[in-house]
């Protein structure tokens, strides 16, 4: 008797091979038979006309805090994700001594656009060390599989306290402690090491996130631990400082795969060749035998925001006043001619790797009209119109900034590039601005069905098998006998994601934005159905595993 049989599905095995119509049997959490399956099953699914692929592997999420109060890791499993990597950009919550808990979540609330009251109220602290955090996740028993990256900023805060964001040079003793923590984390099952140099990454009170001020000597000492251990991947929110050549040097000296995360690799109509150039430089590194990849977004990068919390503008120094201001002081700042003059100067002399470069044709008013079009209609300056519109509405005006990856012709070559890995959902973060957790369903809807850029077989490979291979995740990402049964059943004709849905379901009544799936008929993690196509399946314990074993 099989635990599960999915009968008559169009099977996309993740290898990139042409689909076949077959039954798939599961027992003990693993795929046991593919083809014409006989015998009974405790759960039988008739899947004629539906496609079955490996569950989506999302390697760029931020569920580090949310998972401690929400084992479903909503909304990702409903959107086809069966494995999530957390701790990205180096902004996890472990290791963390009790004295630094509030500082860590305050930083998270700003840098990852999270509700501070929800974090302070909801986060369950049953650990101080990284291995203890993994133990807590095992007790939580999440709905999806979880791998955890050891975070640079988190470790810096644990060791250096309040000075982590103000003192660039760690003492030899402090750096030694950070390296020892990383060794302990890798021995305990960390997926690798994550850090950030991004100019967009500011923390609480406008201070830089700790890793962004760390010198190269500290970065090399920590990444060298990966080389000593002979395992673990390195993921970096690079900004302009962490060039492909910088990352290649680390990959070469450690022998470990390195992954780049930056808007500089995204298609930007203001500088259309910049992203392609970064891909070419990574391609050259790969040709030299050094694994340097780019986290590639398959969705337009858009921010739904108000001037009460303008995260995407914080990298401009005019907004230093905004970061530390009380809410009641914001109108006066935005109306101040000196503030506006400084912001104009920022836009006229932008640095690299910023989110907003001053293209008002990319910022929409609530009615869908862009700031640029409306300013021209009124004969107004677009920057003044932007602030005056918000001030007239008590700063409640919701703008939508459509910044990167908004041109299919420019994005498609990046998605096809061998140096890329589909990622950048940021699931669990930026909850008040956007929700890209459904990136895999968007890929299936837009890049497969609507544009024909990829076949279903190619999509299954890029969404599951390829990230598993590059992140060294064993026995996942494929539909093959002996593999773990992480599966998504869907209708290729209707699969996709809904528009933005705003909920007030976070701890302390916090607000977030989610998306809901369309055309998904079931999601299984290790052979257990966690989503039935309409809602999460009530389970006393989730079937997800804490991943602590990775290929060398």
Sorted on mean Cβ neighbours within 10 Å (highest first), peptides 60-68, 294-302, 279-287, 314-322 come out as 60-68, 294-302, 314-322, 279-287
Two-decimal Rg/Rh across the chain, once Rg and the Kirkwood Rh are taken from alpha-carbon atoms: 0.96
Give me the orientation-averaged projected area of the Cα convex hull of segment 305-403, in nm², one decimal. 5.8
Please rank 110, 497, fewest neighbouring Cβ atoms within 10 Å first, as an exposure proxy. 110, 497
Rg to Rh ratio, segment 311-361, alpha-carbon atoms and Kirkwood radius? 0.96
DSSP beta bridges in the chain, what fraction antiparallel, as a percent rounded to 5? 55
For segment 38-101, the Cα gyration tensor yields equivalent-ellipsoid semi-axes (√(5λ), largest first, whole Å) of 35, 14, 9
Taking the number of other C-beta atoms within 10 Å as the exposure measure, put 269, 374, 112 in order starting with the fewest. 269, 374, 112
From the gyration tensor of the Cα coordinates in segment 429-552, what semi-axes in whole Å does the equivalent ellipsoid have, largest first, with each one equal to sqrt(5λ)? 25, 21, 15
Return the ratio Rg/(2.2 N^0.38 Å) for segment 348-505, where Rg is computed over Cα atoms only. 1.32
Helix 337-348 against the longest principal axis of the chain: what's the angle in degrees, Cα atoms only, rounded to the nearest 10? 50
Going by average Cβ neighbours within 10 Å, how do the peptides 39-49, 410-420 rank, with the highest at the top? 410-420, 39-49
Among 515, 139, which comes first, second and so on when ranked by fewest other beta-carbon atoms within 10 Å? 139, 515
Part-to-part distance (alpha-carbon centres) for segment 522-552 and segment 218-251, which is given in Å: 31
Per DSSP helix of 4 or more residues, -39500 (n - 2.57); summed, then divided by the residues of the chain. What does that give at 222 nm, rounded to the nearest 500? -8500 deg cm²/dmol
Largest-first semi-axes in Å of the equivalent ellipsoid built from the Cα gyration tensor of segment 1-146 are 39, 16, 12
Throw me the Rg/Rh for segment 231-291, computed over C-alpha atoms with Kirkwood Rh, two decimals. 0.99
Both in Å, the radius of gyration and Dmax of the C-alpha trace of segment 237-359 are 18.0, 55
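Just so you know, all these numbers are worked out from the coordinates, no wet-lab data involved. Quick caveat, the model's predicted, so the values are computed rather than measured. Neighbour counts are summed over all protein chains in view; Cβ atoms, including those assigned to glycine, are modelled from backbone coordinates with ideal geometry.
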